[in-house]
Amino acid sequence: MTLQTRQTMQLSIPEGMIDLGVGQPSVSLLPLEIIKQAADHRLKQADPSFLAYGKESGCGCFRAVLAEFLTDGYQIPVDADDLFITCGATNSLDLICTFFARPGDTIFVEEPTYFLALRIFQARLLNVVSIPADENGLIIEALEEQLTHHSPAFVYSIPTFHNPSGATLPADRREKLVRLGEKHQFFIVADEVYQLLAYTSSPPPPMMAFDRQGTVLSVSSFTKILAPGLRLGWIQASPKLISRLTQSGLLASSGGLNPFTSAMVRSVIELGLLGKHLDFLKNTYTERARALSNALHEYLSDIFQFREPEGGFFIWGHLQGKIDTEHIRQQALKHQVHFQPGHRFSATESLKNHLRLSFSYYDAEALEEGVRRLKAVITGC
């Protein structure tokens with residue numbers, strides 16, 4: 001990694017380190033040529049309107065193109081009027097916390113859940129209550145039991161290829177979750193950034209397919225399917241919910257979010273480049289997922305139990321016995337390997353014998369070497 005790259009990127013991995021905790025694409029997968037083609041295409045249109053303040057919900061032409069792309073990818077109709085353009089999934093979550101919850105409100109999350117989402121909720125002074133999940137995701141009966149004690153503003157769920165667990169919520173549970181939201185008047189905030197990254201089987205349709213009364217706010221992003229540096233994503237919801245975002249003082253002052261990047265990505269889609277790149281990513285991640293899984297079976301099968309990845313970026317599992325993976329993580333750094341310990345994904349600091357490994361950043365050879373180093377750490381503790 002060059003000095004210029006280190007000064008540009010958020011991520012900085014020490015030389016020789018294999019960081020299996022990194023949940024993002026490697027630099028080699030970032031589509032520079034695609035962005036060059038898209039920029040050339042858009043700038044030749046001689047239309048500078050994308051340099052002006054943008055429409056509050058996002059450029060209508062871009063939303064129409066995105067809706068068509070998502071209709072094909074989701075296999076359900078997506079309406080451009082149901083899309084609100086954001087600066088990525090993280091920005092979407094922060095906006096939802098601003099406009100659909102207040103400090104002190106209770107929200108429900110899955111146990112485990114995305115650890116950086118927990119930081120957003122804590123910063124917004126929300127009371128986070130965790131709901132147990134199993135191999136099929138959120139346990140609806142456990143949610144119902146908690147509803148006798150709490151009235152949440154929303155339930156935050158990662159229904160497809162869950163981060164970190166990899167679980168996918170079945171269609172019947174999705175249906176029940178949305179119906180409970182209608183009955184008890186809470187929103188479902190569905191983090192669906194991995195919906196289009198299926199490798200071995202197709203997931204159920206996204207949560208909006210089950211929405212009848214404007215209960216769902218679906219969050220997604222181009223981070224996982226194009227490039228994280230674009231800082232571009234969307235919220236899919238009913239027009240009534242979208243209007244709560246578009247009528248804010250934030251957008252009255254700044255205009256719509258990220259109109260310049262939206263224009264570039266519009267060309268990516270119009271030129272047919274996004275679909276091709278997504279196919280490339282799925283093939284690449286399928287190979288990497290298989291490589292990491294095979295290495296775990298070869299080197300750690302007797303002490304590490306995990307779920308085979310079907311999509312997304314991660315493998316989640318647990319070590320046998322009373323092993324604290326935070327302690328192992330500290331030892332792992334000395335062996336130049338790293339991972340995410342399980343307690344970070346728990347709202348109650350539980351799951352101490354769990355860990356999350358990512359296959360998105362490294363090729364097969366590096367993934368195998370990382371697992372070899374991890375074995376040396378675990379067997380030496």
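The values are calculated or read from the model by the stated rules, or taken from the named source; none is laboratory data. Just so it is clear, the structure is predicted and the values come from calculations on it, not from any experiment. All Cβ positions, glycine included, derive from the backbone under ideal geometry; neighbour counts span all protein chains shown. Note: areas computed on protein heavy atoms with side chains; ligands, DNA, RNA excluded. Shrake-Rupley method; radii C 1.70, N 1.55, O 1.52, S 1.80 Å.
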Hey, how many Å between the Cα centroid of segment 245-301 and the Cα centroid of segment 208-224? 16 Å
In segment 81-151, which GluC sites (Glu not before Pro) fall in coil by DSSP and have 14 or fewer other Cβ atoms within 10 Å? Glu135
Each residue of segment 225-230 in turn: what ³J(HN,Hα) in whole Hz from Karplus with 6.51, -1.76, 1.60 and θ = phi - 60°, glycine and Pro shown as x? 10, 9, 6, x, x, 5
Cβ-defined net charge surrounding Gly88, 11 Å radius [Lys, Arg +1; Asp, Glu -1]: +1
Would you please name the GluC sites (Glu not before Pro) within segment 285-373 that are DSSP coil residues with at most 11 other C-beta atoms within 10 Å of their C-beta? Glu349
What net charge do the residues around Leu29 carry, taking every other residue with its C-beta under 14 Å from that of Leu29, with Lys and Arg at +1 and Asp and Glu at -1? 0
What is the dipole size for the chain, taken about its Cα centre, with +1 at each Lys and Arg Cβ and -1 at each Asp and Glu Cβ, in debye to the nearest 20? 760 debye
Measuring from its Cα centre, segment 55-202 shows a charge dipole (+1 at each Lys and Arg Cβ, -1 at each Asp and Glu Cβ) which, in debye to the nearest 20, is 380 debye
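Kindly provide the helix-only [θ] at 222 nm of the chain, computed as the sum of -39,500 (n - 2.57) over DSSP H runs of four or more divided by all residues, to the nearest 500 deg cm²/dmol?
Working: 13 runs with 156 residues, N = 381.
Taken over the chain, the calculation gives -12500 deg cm²/dmol.
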Quick one: net charge of Gln247's neighbours, Cβ under 14 Å, K/R +1, D/E -1? +2
Which is the longest stretch in the chain that no exposed loop site breaks, taking sites as trypsin sites (Lys or Arg not before Pro) with a DSSP loop state and at most 14 other Cβ atoms within 10 Å? 45-211
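Put Val178, Val65 in order of accessible area, largest first, 1.4 Å probe: what do you get?
Details: Val178 0, Val65 25 Å².
If we order Val178, Val65 from most to least accessible, we get Val65, Val178.
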Under 21 Å between C-alpha atoms is the cut-off here; go through the chain and count lysine pairs that meet it, provided they're at least eight residues apart or on different chains. 12
Name the helices (complete DSSP H segments) of the chain with a Cα length along the long axis of 15 Å or more and a Kyte-Doolittle mean of at least -0.5, or state none. 32-43, 60-74, 89-100, 259-270, 273-300, 364-380
I need the chymotrypsin sites (Phe, Trp or Tyr not before Pro) found in segment 16-87, filtered to DSSP loop residues with at most 16 other beta carbons within 10 Å of theirs. Tyr53
